[in-house]
Number of protein chains: 2
Amino acid sequence: MTQVRTEDPSLALSELYQPIVGDLSVVEHIFDEEIRSALPFVNDLCGTVRSYRGKMLRPALLLLAGKAAGTMSPELHTLAAVVEMVHMATLVHDDILDEATERRKNPTICALAGNEAAVLLGDYLISHAYHLCSSLDSQYAARRVAATTNTVCEGELLQNYRRGADLSEADYLEIIRRKTASLTSLCCELGATYSGAPDASVSALRAYGTSLGMAFQVVDDVLDVVGERAKVGKTLGRDFDLGKLTMPTIHCLAHADEETVGQIMSIVSVESTRSNGKLLRWLEATDSIHYSRSVAERFADEAVQALAPLPTSDAKTSLIALAEFTVRRPL
Amino acid sequence: MTQVRTEDPSLALSELYQPIVGDLSVVEHIFDEEIRSALPFVNDLCGTVRSYRGKMLRPALLLLAGKAAGTMSPELHTLAAVVEMVHMATLVHDDILDEATERRKNPTICALAGNEAAVLLGDYLISHAYHLCSSLDSQYAARRVAATTNTVCEGELLQNYRRGADLSEADYLEIIRRKTASLTSLCCELGATYSGAPDASVSALRAYGTSLGMAFQVVDDVLDVVGERAKVGKTLGRDFDLGKLTMPTIHCLAHADEETVGQIMSIVSVESTRSNGKLLRWLEATDSIHYSRSVAERFADEAVQALAPLPTSDAKTSLIALAEFTVRRPL
């Protein structure tokens with residue numbers, strides 16, 4: 001895989017996004033127009049949501065998949081705005097669940113305007129996502145988007161249901177497959193489908209999107225433990241303190257001594273305990289961060305391999321580099 | 001208007017629903033099939049949601065409108081399940097906002113499984129509503145449903161934004177027009193449209209649905225203050241204690257003496273105060289319950305008048321009686 005040479009992730013992304021830079025501007029415009037309200041305070045809240053729009057990973061995946069597999073079309077811009085809106089809605093609702101106060105160095109909606117406003121603004125965004133999606137000629141995308149949000153919700157429900165309890169690596173992977181990889185997979189699938197790509201390319205890109213999403217979420221969960229707050233731009237260590245086991249802690253539990261396991265589970269089983277940094281020492285003792293990153297790298301490799309059937313193109317090169325970028329985001 | 005002769009509202013409804021009783025069973029079946037999950041705990045939560053399904057007012061409106069204006073079609077059953085699912089999603093999220101513990105004599109999802117599960121289950125229901133809607137051949141209904149949920153969300157956001165502050169009757173009516181009447185109006189509109197009714201009938205039924213929704217919400221807000229908990233089956237007096245002004249309190253504020261106004265606003269401006277029954281005495285002093293019911297009756301009359309262009313039919317008779325029932329629900 002190509003090494004990303006810069007330390008600044010936004011710089012690296014702007015390089016990878018080169019083939020779709022104009023398209024992303026169109027998507028941002030469609031996004032902003034769709035969520036505009038006649039109520040000024042709603043627009044203020046939407047302005048905050050706009051500030052969470054960092055990587056625009058999902059629209060980028062959709063557009064790059066379209067470019068790599070077929071021909072750009074206006075539907076791709078619309079659908080890219082749809083998937084970003086779906087993602088933003090999940091972020092706004094996630095922040096309620098995680099009791100998070102900060103996202104991308106901005107206050108979360110729940111911190112800014114209360115949990116009630118956050119519930120409703122998430123609903124507003126998801127409603128507008130479907131509204132925008134239903135502006136397309138056929139029902140195909142709407143059906144696929146809704147089937148995917150069904151799956152995302154089940155993943156989130158499952159994660160919430162298993163909070164505070166032991167979790168196997170297989171269960172964890174099933175949760176992130178539903179809550180994260182299903183949406184990244186859909187992005188690539190819709191990008192390919194609406195660019196008129198042949199079925200083999202659609203399948204290849206769907207597989208790429210699944211593996212990329214898995215890699216992305218594992219790294220996200222690692223960053224939740226060891227990231228620098230200034231770089232990640234959101235509250236850190238929340239998963240563990242909220243009783244959510246993720247790849248690093250699951251690996252640690254499987255390899256730590258009995259005493260450490262007891263201490264970890266006593267924190268996990270109680271809601272909103274502060275682990276006060278002890279977690280990091282435990283994870284280091286079992287080499288669990290290193291293990292988790294190796295799992296993420298395996299998924300990123302699978303993502304790259306899935307692209308083999310596609311012809312060479314700038315967009316394909318970017319998709320390959322994006323897999324690399326996903327696992328090499330600075331910790 | 002025909003007087004509903006029975007004191008038992010469910011008995012009265014079963015009479016009014018006579019023209020669509022078989023259709024409602026089909027709708028229930030579609031509803032249950034759509035939200036079925038492979039995850040048993042999700043099905044358990046959905047079972048609780050099913051217990052909130054009382055009046056099935058929205059599917060009934062859609063089906064009766066279809067029968068009154070045109071010919072029944074399978075799309076009407078699907079759409080009736082869609083609007084009920086949208087409504088259930090708003091109930092589940094509303095209960096979080098209202099910190100309610102009881103609905104239709106059953107625990108709320110937030111009381112049963114926590115606010116997190118309630119946020120996610122509401123999302124799951126809305127996602128399935130759009131999923132079901134996208135099974136229809138054309139995008140028309142999906143577009144109209146999403147445009148309406150945009151409006152419902154804005155209404156809820158506006159209500160939440162104005163909590164704890166003074167509110168004019170006009171502002172209140174604007175909020176309930178968005179959050180409640182827009183959906184009942186859509187039910188009647190879609191029922192008429194998908195029964196192949198002429199434009200004049202669609203307009204008439206849309207107007208009926210709007211007025212009926214207004215009447216229904218005003219009565220709901222009256223029942224929140226003066227209803228019997230055993231009959232209403234949910235936590236009472238929550239609106240006022242949560243700082244939400246509704247028709248009775250708005251009227252009271254406009255007609256009470258200065259001291260009472262001061263006492264009311266001191267309760268409204270503080271989150272989650274208990275008014276401990278004082279409210280009822282204030283409302284009686286200004287005759288505000290009576291005034292609110294007269295407003296509801298005016299909307300119910302408008303609803304009935306809107307039906308004038310439709311030919312006589314059992315379904316039309318039921319729609320007329322439904323307007324009557326809405327304002328005469330036992331207090």
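The values are calculated or read from the model by the stated rules, or taken from the named source; none is laboratory data. Predicted model, so just to flag it, every value in this text is computed and none were measured. No Cβ is skipped: glycine too gets one built from the backbone with ideal geometry, and neighbour counts run over all protein chains shown.
Here A:E154 clears all of (1) over 21 Å from A:Q305 (Cα atoms); (2) over 17 Å from the mean Cα position of the chain (by Cα) except the condition numbered (2). Restricting the range A:63-92 to residues that are of a type in the set (S, T, N, Q) and within 14 Å of chain B (Cβ to nearest Cβ), which is farthest from B:L120 (Cα to Cα)? So the residue we want is A:T78.
Mind listing just one residue for me: the one in the range B:93-115 that is at the interface with another protein chain (Cβ under 7 Å from one of its Cβ atoms) and at pLDDT below 90 and, of those, surrounded by the most Cβ atoms within 10 Å (Cβ to Cβ)?
Step by step, filter the range B:93-115, then rank; the result is B:I96.
Checking each residue in the range B:54-106 for being over 12 Å from the mean Cα position of the chain (by Cα), of a type outside the set (A, V, I, L, M, F, W, C) and closer than 28 Å to B:L307 by Cα picks out B:G66, B:K67, B:G70, B:T71, B:S73, B:P74, B:E75, B:H77, B:T78.
Only one of the numbered conditions (1) within 13 Å of chain A (Cβ to nearest Cβ); (2) closer than 29 Å to A:V152 by Cβ is violated by B:E174, and that is (2). Could you go through the range A:105-124 and let me know if any residue there is outside any helix (DSSP H, G or I) and within 18 Å of A:K179 (Cα to Cα). No, the range A:105-124 contains no residue that is outside any helix (DSSP H, G or I) and within 18 Å of A:K179 (Cα to Cα).
Restricting attention to the range B:137-157 and to residues that are of a type in the set (A, V, I, L, M) and touching a residue at least 12 places away in the same chain (Cβ under 8 Å), the residue that is farthest from B:L79 (Cα to Cα) turns out to be B:V152. Could you please let me know if B:T90 is of a type in the set (S, T, N, Q) and assigned to a helix (DSSP H, G or I)? Yes, satisfied.
Under the condition of being among the polar types (S, T, N, Q), facing chain A (nearest Cβ under 7 Å), under 21 Å from B:F31 (Cβ atoms) and outside any loop (DSSP other than H, G, I, E, B), the residues counted in the range B:129-154 number 1. Looking only at residues that are assigned to a loop (DSSP other than H, G, I, E, B) and either touching a His at 6+ places or on another chain (Cβ under 6 Å) or within 13 Å of chain B (Cβ to nearest Cβ) (or both) in the range A:16-62, which one is surrounded by the most Cβ atoms within 10 Å (Cβ to Cβ)? Among them, the one singled out is A:S37.
For A:V21, the stated conditions do not hold, so it cannot be described as hydrophobic (A, V, I, L, M, F, W, C) and at pLDDT below 95. Screening B:A207, B:A215, B:A197, B:A170 for residues that are at pLDDT 95 or above and not in a helix (DSSP H, G or I) leaves exactly one candidate, B:A197.
If the condition is being surrounded by fewer than 17 Cβ atoms within 10 Å (Cβ to Cβ) and at pLDDT 85 or above, then the range B:230-264 contributes B:A254, B:H255, B:D257, B:E258, B:E259, B:V261, B:G262, B:Q263. Being at the interface with chain B (Cβ under 10 Å from one of its Cβ atoms), of a type outside the set (S, T, N, Q), in a helix (DSSP H, G or I) and closer than 23 Å to B:L112 by Cα: is that true of A:L157 here? When the stated conditions are applied, A:L157 passes them.
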